[in-house]
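Values in this text are rule-based calculations from the coordinates and carry no lab data. Here the structure is a predicted model, which means the values were calculated and not measured. Cβ coordinates were reconstructed from backbone atoms using ideal geometry, including for glycine residues, and neighbour counts include every protein chain displayed.
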Amino acid sequence: MAATITVMADRLVAAVAAICLASGSDAREADLVARNLVLANLSGHDSHGVGMLPNYIPAVVEGRLEVNRHVRVDGDVGAILNLDGGMGYGQVIGREAMALGIRRAAEIGACVVALRDSHHLGRIGEWGEQCAAAGMISTHYVNVVGRPPMVAPHGGSDARFLTNPYCCAIPATEPCGDPIVLDMATSRIAMGKVRVAMNKGEQVASGTLIDAHGHPTTDPRTAFVPPTGAILPFGEHKGYGLAVIAELLAGAFTGGSTMQPGSWARNTITNNMLSIIIDPARLGGADQWRDEARAFVDFVRASPPAPGSDGVMIPGEPERRTRATRSREGIPIDAATWAEIVAAGELVGVDADRTNATAGAPSQHDSQGGTHA
Ligand code: NAD
């Protein structure tokens, strides 16, 4: 089989949506899941793209992920919405939760959305981008439970939590302009990226991993092969501190759960998220924030490139650049990931030839090398 195939985004959406439909999702849900995953690939975050489907479909089949669930409002008190995701698809639950929060923030100026028990919310930047597109500032704190811990606390020697992402998005300063979106795991590297390095037989950068005895290592197998080590937080005590804050804001205060012995026994991916959505029109800087923000960004961008660097980018820019390239040239998918996606389809009755044909991917018997668009 070819080392990598290249698939155009619209065909990939169609192939993923067909598998979701076959597994019981209605047409809207299948479309939202497929578009969300493909947008993650387009944005360069393959760890949160269509490669997640082989996790999702078995979870649906085994009842760990509920299809066609909608967000449930458990509490509605002024600026605070308490929501339950019912272990539905995060691609639906996240979108509905943000829509409710945006509406409330538009009415009264701000909204805290406390969302518990969603299945995987995917790329958290998508929720920041949804808020920014509606003209809202937002911050999002997320924790992850239901899987064994993989990230060590600063100063510790084994894993105690997962990759707890944080996102903050600022709306564009001009109509049709670009928002600023900081969207990141609090671990030094995303789990999916460690797995990719392991599958390719590559080492990871030093300072990323520790082995089962707490010693530094660059071998990605330590994260998956017993006796397992751990990923380190980014920025030493600072990233660790942010991970703790995300765990508690998202896991404890939403009514969800935090990582503790046994909380991963469900062996699924549960995300809890605390979002704060603010209407900038109600803030003191309403009249001039766009000019102020534009001037600041221009000033920062004007820093001369450091030796060996391509120059300054603004958070969210790497994703937009990759989107432009991959929208034009297609999305590369490694053969192992594509085989898993095809197998996920077969699990719910979509045969391999149909998935390959829908995606415009070469079938196993005609793919002897190279790429395919
Ligand atoms: P990353 O390290 O690739 O990027 C982090 C942020 O830094 C992005 O906002 C990006 O725009 C910005 N950035 C990157 N390079 C830059 C540069 N040179 N100049 C300026 N800004 C730059 O992201 P990550 O930490 O690997 O996270 C990947 C994705 O994984 C995110 O979308 C995150 O939400 C997602 N995630 C989800 C979960 C979950 O449980 N749902 C858990 C962890 C991570």
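When only the Cβ of Lys, Arg, Asp and Glu is charged (+1, +1, -1, -1), the dipole of region 188-232 relative to its Cα centre reaches about 160 debye. With each label modelled as a point 7 angstrom along the Cα→C-beta vector, the residue 236-residue 108 pair spans 4.3 nm.
A straight chain from residue 158 to residue 292 at 0.36 nm per residue would run longer than the Cα-Cα distance by 43.8 nm. Extension gain for residue 302-residue 176 works out to 43.1 nm (0.36 nm per residue, less the C-alpha to C-alpha distance). The dipole here belongs to the chain: it is taken about the Cα centre, uses +1 on the Cβ of Lys and Arg and -1 on the Cβ of Asp and Glu, and is about 280 debye. The label point for residue 99 and the one for residue 347, both projected 7 Å from the Cα toward the Cβ, are 2.8 nm apart.
With a Förster radius of 22 Å applied to the beta-carbon distance between residue 313 and residue 218, the computed FRET efficiency rounds to 0.25. Projecting the Cα atoms of 358, 311, 18 onto the charge dipole of the chain, computed from C-beta unit charges around the Cα centre, puts 311 farthest toward the positive end.
What the phi angles of region 72-78 give under the Karplus curve with 6.51, -1.76 and 1.60, with θ = phi - 60°, is a coupling list of 10, 7, 8, x, 9, 10, x Hz, glycine and proline written as x. Across region 56-64, coupling constants 3J(HN,Hα) worked out from phi with the 6.51/-1.76/1.60 Karplus curve, θ = phi - 60°, read 5, 5, x, 5, 5, 4, 8, x, 8 Hz, and Gly and Pro carry x. Only helices enter this figure: runs of n ≥ 4 DSSP H residues, each worth -39500 (n - 2.57), summed and divided by the residues of the chain, yield -11000 deg cm²/dmol at 222 nm to the nearest 500. Note on region 239-311: Rg/Rh from Cα positions, Kirkwood definition for Rh, rounded to two decimals, is 1.20. Judged by the gyration tensor of its Cα atoms, with axes a ≥ b ≥ c, the chain is rounded; a/c sits under the 1.5 cut.
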